[in-house]
Amino acid sequence: MKQLICIITIVAGLLSFRAGAQEQIHLFPDRTFCVSGDTVWFNAVISGNGTDNTNNIVHVQLDDLGNNHITKVSVASDKNSASGYLLVPDSLSTGVYALKAFSNIQKKNPSSVFFTHLLVVYNRFDENISEFYIPEINLPEKKSDAGISITATPHSGKSKTVEVDVTMEKALCSEALEMIVTARLFDPFADQFSAEIKSGFTPSMQDVFMPVRENNGVLISGRIVQNQTEIPVKNTPVFLSISDTLPYFDYCVSDDLGRFYFYVRNAVGKGDIVIQEVSKQARENKIELLGNYIETEKIPTTHQILTLAQNTFASDLVKAAYFSRIYKGYRSLPADSFLIKKEFQYPFYGPPTSTFDPGLFIDLPNFQEISREILHGVQYREKKGEVSIRLLNKGNRSIFNNEPLKLLDGIPIFDPKLLSKLNTQTIEKVDAVYFKRFFGDISFDGVLAVYSKNPTLGWVESVPELNIFKYTFIQPVLTPTLHNQPSESNSIPDFRTVFYRERRTDLADPINFRFERSDIKGDVLIEVIAVCKDKRIVKTWKVIHLD
């Protein structure tokens, strides 16, 4: 097997970006504050990559001001525009946090620029929020750009309806590609940090993640080190497998720093991946995954006491979150679902020579009996406690000298004993390939793939060479249905903090809309963001003071 990293074979297609272009990502979250456990929805715009048709993965991470990573999501863009959501951990402490967006290809350029949005989080169990550590930097002044005007008219009486008209100047209207409109509560504390903060890499950052353009896929990075010494294990083969009806398989070789890389396309949601080192020393080493984050300059902080108005708003917000849980419960989003698109009709090992259905035969108690009675061309032998499997080589009508690639529910196994106790009641089907198979630089003396009726990966934990990880791939597309929808019943209190959120691409007609305020008292902020053809960002905002 040659010393290479499997991802290199596709890098040529992934690095198709304009030489010298400074890719930048502007992030537009739907709020500047939230209560722990809330969902923050966002839009993102990619500029500077030289094309409007490149699908690219946008990573959005939540850090504290000391650059400690908390959580991250990855979303797919379409024509340089992306949207998604981030679940704020329910246990996150009260404080100011940083939302950062980046694409993996930005790591190639040490002068890359990143934009940070600050997010104030109020922990829902804090009864009295009176102080914060806030950024001690000169924040950009938030001001409205010319070209957009906002007119807001609240209905009279007890009505909570607000009518809004947005007018764009003719020159801007012809240049604008899309518009993002938001109406939400105004936070007298958090909204003083609402401007974008520009930053670069930390000087000490060591980029351990291969900087390639992720096109509708994510790059998985990890490393192998010795258990006792933490010394990197280099030049060793590594397998990655995903169990499925059509199992996924890939391999690479660790580099001089023990790192390995896998590029997985068309995987959506959170799923189990199995990674194994293929060497005699595998039990002496350990495998760890490396998170794909950016490290930007730390933001210094200073202490601030809240004013009475700020303290009152924070208390009202926490109380509203408490009562909202009582009246409406907690709505969980489908973050743990998993789907990987099937690009081919057959598994990675190609069409099987034969497929056997043990359910069509009499009950057989173990795999030895199954191979003897059903699996013609499969030679299963037990001798002195050891098990060996050989397949018929139909290429020259003989028996292969070496063991085949053995798969149990799509996971490569090297100990045939893992198949010994399987019987006709537990096996769904068996695929057998009676020819030599090639996958990249490696070859197999046939393939024996066993699929169980109730596939689980619980058995993986009992095999020391196998490492199972729960990995988050591209976020599923989900519409923020919580926006623009007031309470269905007048008897149920309405505790929304974001009243309206919409992304528009049809800007030919005048823009007017209405929204319903919630039962939380406070001023309302309306923000309009226009994204131009040259990726220039035009922002306008207006605060409506209501009784």
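Within the stretch 163-197, being polar (S, T, N, Q), modelled with pLDDT under 95 and either closer than 12 Å to Ala530 by Cα or assigned to a strand (DSSP E or B) (or both) holds for Thr167, Ser174.
For the stretch 21-40, the criterion of a residue being of a type in the set (Asp, Glu), open to solvent by 20 Å² or more (accessible area, probe 1.4 Å) and either modelled with pLDDT under 90 or closer than 20 Å to Gln475 by Cβ (or both) is satisfied by at least one position.
Of all residue pairs spaced 6 or more apart or on separate chains, those with beta-carbon atoms under 6 Å, a first member in the stretch 256-272 that is of a type in the set (Lys, Arg) and a second member that is open to solvent by 10 Å² or more (accessible area, probe 1.4 Å) and not in a strand (DSSP E or B) are Arg265/Asn216; Lys270/Asp336. Selection of the stretch 224-239 for residues being crowded, with 21+ Cβ neighbours inside 10 Å and under 28 Å from Gln106 (Cβ atoms) yields Ile224, Val238. The one condition from (1) in contact (Cβ under 8 Å) with a residue 24 or more places away in the chain; (2) assigned to a loop (DSSP other than H, G, I, E, B); (3) within 30 Å of Glu175 (Cα to Cα) that Phe115 does not meet is (2). Against the condition of a type in the set (A, V, I, L, M, F, W, C) and open to solvent by 70 Å² or more (accessible area, probe 1.4 Å), how does Phe438 come out, does it pass? Yes. Just one residue in the set Lys328, Lys298, Lys319, Lys341 is within 27 Å of Asn68 (Cα to Cα) and open to solvent by 100 Å² or more (accessible area, probe 1.4 Å); that residue is Lys298.
When Asn235, Asn215 are checked against the criterion of being at positive phi and assigned to a loop (DSSP other than H, G, I, E, B), Asn235 stands alone in meeting it. So, of the residues in the stretch 270-295 that are assigned to a loop (DSSP other than H, G, I, E, B) and over 21 Å from the mean Cα position of the chain (by Cα), which turns out to be nearest to Thr71 (Cα to Cα)? The extreme case among them is Val278.
Those strands (runs of 3 or more DSSP E) of the stretch 361-466 in which at least 2 residues are closer than 26 Å to Asp272 by Cβ and at pLDDT 95 or above, considering only elements entirely within it, cover 405-408, 411-413, 427-433, 447-452.
For (1) within 28 Å of Leu478 (Cα to Cα); (2) surrounded by fewer than 22 Cβ atoms within 10 Å (Cβ to Cβ), each residue gets a yes or a no:
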position	(1), (2)
Val58	yes, no
Thr71	yes, yes
Lys79	yes, yes
Ala82	yes, no
Ser103	yes, no
Asn128	no, yes
Ile134	no, yes
Lys143	no, yes
Gly147	no, yes
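Just one of the numbered conditions (1) of a type in the set (Gly, Ala, Ser); (2) in contact with a helix residue (DSSP H, G or I) (Cβ under 9 Å, 6 or more places away or on another chain); (3) open to solvent by 30 Å² or more (accessible area, probe 1.4 Å) is not true of Ser420: (3).
Only one of the numbered conditions (1) touching a Gly at 6+ places or on another chain (Cβ under 8 Å); (2) part of a loop (DSSP other than H, G, I, E, B); (3) modelled with pLDDT of 95 or more is violated by Pro352, and that is (1). Search the stretch 361-384 for residues that are under 14 Å from Lys417 (Cα atoms) and without any contact (Cβ under 8 Å) to a residue 40 or more places away in the chain and pair each with any residue that is in a helix (DSSP H, G or I) and of a type in the set (Lys, Arg) when their beta-carbon atoms are under 8 Å apart and the residues are at least 6 apart or on different chains. That search, which allows pairs on different chains as well, returns Tyr380/Arg372.
Filtering the stretch 160-191 to residues that are among the aliphatic types (A, V, I, L, M) and more than 29 Å from the chain's Cα centre (by Cα) leaves Val162, Val164, Val166, Met168, Ala171, Leu172, Ala176.
The values are calculated or read from the model by the stated rules, or taken from the named source; none is laboratory data. What you are looking at is a predicted structure, and each value in this text was computed from that prediction instead of being measured. Positions of Cβ are backbone-derived with ideal geometry, glycine not excepted, and every protein chain shown enters the neighbour counts. In case anyone asks, the SASA skips ligands and DNA or RNA and just uses the protein heavy atoms, side chains included. Shrake-Rupley method; radii C 1.70, N 1.55, O 1.52, S 1.80 Å.
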